[in-house]
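Data first, discussion second: the structure below is written as structure tokens.
The values are calculated or read from the model by the stated rules, or taken from the named source; none is laboratory data. All of these numbers come straight from a predicted model, not from anything done at the bench. Backbone-built Cβ (ideal geometry, glycine too); neighbour counts: all protein chains shown. Heads up: the accessible areas ignore ligands, DNA and RNA and are worked out on the full protein's heavy atoms, side chains in. Shrake-Rupley method; radii C 1.70, N 1.55, O 1.52, S 1.80 Å.
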Amino acid sequence: MDRAELPPRRFVLTGGLAAAVAAATALSGCSAKSAPKATTAAPEPRPSTPQAAYARLMEGNKRWVSGSLKHPDRDPDRRRLVAQAQDPYGVILACIDSRVPPELLFDTGLGDLFVLRTGGQAVGPVVTGSVEFGPVTAGTPLILVLGHQRCGAIDASYQALRDGNTLPGNLQAISKALEPAYAATVKNPGTDPVDTMIRHQIKLTADELRANADLAPLVKKGSVAVVGAYYSLDTGLVEVLTGAPTGTAYASPSASASPSPSETSSASPSPSASPSDSASPSQSASEAPEGQPTP
């Protein structure tokens, strides 16, 4: 090509620059329209009463069941907001089971809950002290003991206590802590003794916390409520068994739908079934109570 036919260099440079600027502007405009920045740094007010905290959790569980999740307060703005101080509105004492994450099944956000998880909601001085922390030091108005369907820790403990066996290692400490629930189950086992024991454990633990020397005055005053609840792995529903705050206008979403122990007998493992039947094969050693085979 003859050199005279080439476009001037200045035209090439300025034309290319103009095109690049135009493209960048167009992309920026598209980006601004398709991905507006959202923030949850200013969440809805923290529930300050047991009734309001209970209603917030139950509404979150209703969203979990229906699939209409909000995923509130889970972004970098929220992380920065709570980095220096926290003010949770609930304490959840749940099982270690990987299928029962309280923050998910109540559709809550960062900084909303104090969460403790032990095998079968077994309690001891350290666990009880940890439950006390929120209400005693920070005015947290709600404690919820959350048991669940097909609990492997309770299944293993039921079989060990029934057969007079000892679970290996420190798993025996869990079985020991569950003896009161087992004793209550023996008196009236129902059609599914394991599920019956799960429900007894929820109620007994909630009763114990409600009568705790440091928590009882707060419960009596009405500034703290201790609720016992049962989570269905099948439906995602949380059924409140005991301690729903008086005066609350919100009923448990499972009040009319959650099965009784006798109705869950076909879904839950039988007393003679190995707890490993309901545990994931990839379960880690630290989660052994949930799938410990009968010794």
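Ligands, DNA and RNA are left out, and with a 1.4 angstrom probe the accessible area of region 100-211 is 36 Å² per residue.
Scanning residues 5 or more positions from residue 233 or on other chains, those with amide H under 5 Å from its amide H are 149, with H placed 1.01 Å from N in the peptide plane.
A Förster radius of 51 Å, combined with the Cβ-Cβ distance separating residue 79 from residue 170, puts the computed FRET efficiency at roughly 0.90. Simple point charges give the picture: +1 on the Cβ of Lys and Arg, -1 on the Cβ of Asp and Glu, and for region 97-214 a dipole about the Cα centre of about 260 debye.
Between residue 187 and residue 138, the simple spin-label model (points 7 angstrom out along Cα→Cβ) gives 3.7 nm.
Working from Cα pairs under 8 Å separated by at least six residues, relative contact order for region 107-183 is 32 percent. Which of the three applies to region 70-137, rounded, prolate or oblate, going by the alpha-carbon gyration tensor with a ≥ b ≥ c and a/c under 1.5 meaning rounded? Oblate, since a/c reaches 1.5 and b/c is not below a/b. Between the beta carbons of residue 162 and residue 66, assuming R0 = 51 Å, the FRET efficiency works out to 0.85 to the nearest 0.05. When a 1.4 Å probe is rolled over the protein heavy atoms, the share of accessible surface on region 114-201 that falls to carbon and sulfur comes to 59 percent. Estimated from the Cβ-Cβ distance and a Förster radius of 30 angstrom, the FRET efficiency linking residue 235 and residue 86 is about 0.45.
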